[in-house]
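Step one of this worksheet: look at the structure below.
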Amino acid sequence: MKILIVEDDLYSRKLMGAYLESYGECDLASNGKEALEAIVLSQLQGERYRLVCLDIMMPGMSGLEVLKHLRSVENELKIKPDEEAKVIMTSALQDGENVMGAFREQCDGYLVKPIDKEKLYKMINDLGLA
């Protein structure tokens, strides 16, 4: 499985990579711009990401903006809903407004930082990716 981890904090990015490396090939992006470039490149190469772990609060472009763009690209390419990337939003924010905002933008899961490895694995399992 091809995985994209988008996180502006180096330690968190590497930790998520270590958690997920057993599930497949992990690409890392430190901001929204890098994430969009990786998403477009993967689409062009015909190797779409099956899982995207996306930090909400990043400088320049938020994770929600990246998610909107990802869903827009999938829509333009007429990718079937069951073949779309599964997106897990990650954030230190756990208030209802941010959580509901993420789900309105069609994320598939939401984890509060610090990321609990067992909760992450359970969510991946629940999403049918394990």
Counting Lys and Arg as +1 and Asp and Glu as -1, each charge on the Cβ, what is the dipole of the chain about the Cα centre in debye, to the nearest 20? 160
Once neighbouring chains are kept in place and the probe is 1.4 Å, which whole percent of the accessible area of the range 1-59 is contributed by carbon and sulfur? 54
Cleavage-rule hits, GluC sites (Glu not before Pro), the range 16-117, DSSP coil, Cβ neighbours within 10 Å at most 13: GLU21, GLU47
Mind checking which lysines have their C-alpha under 20 Å from LYS113, skipping anything on the same chain fewer than 8 residues away? LYS14, LYS86, LYS122
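Could you state the accessible area per residue of the chain in Å², with a 1.4 Å probe and every protein chain left in place?
About 54 Å² of surface per residue is accessible.
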Tell me the mean residue ellipticity at 222 nm calculated for the chain from its helices only (DSSP H runs of n ≥ 4, each -39500 (n - 2.57), averaged over every residue, nearest 500). -13500 deg cm²/dmol
Extension gain LEU41-GLU83, at 0.36 nm per residue separation less the Cα-Cα distance, in nm? 13.4 nm
With θ taken as phi - 60° and the coefficients 6.51, -1.76 and 1.60, list the Karplus ³J(HN,Hα) couplings across the range 34-44 in order, rounded to whole Hz; mark glycine and proline as x. 4, 4, 5, 4, 5, 5, 5, 4, 5, 5, 5
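The values are calculated or read from the model by the stated rules, or taken from the named source; none is laboratory data. Not measured: the values here are computed from a predicted model. Note that each Cβ is placed from the backbone with ideal geometry, even for glycine, and that neighbours are counted across all protein chains shown. The protein model used for the area step is the full one, side chains on, heavy atoms only, and it has no ligands, DNA or RNA in it. Shrake-Rupley method; radii C 1.70, N 1.55, O 1.52, S 1.80 Å.
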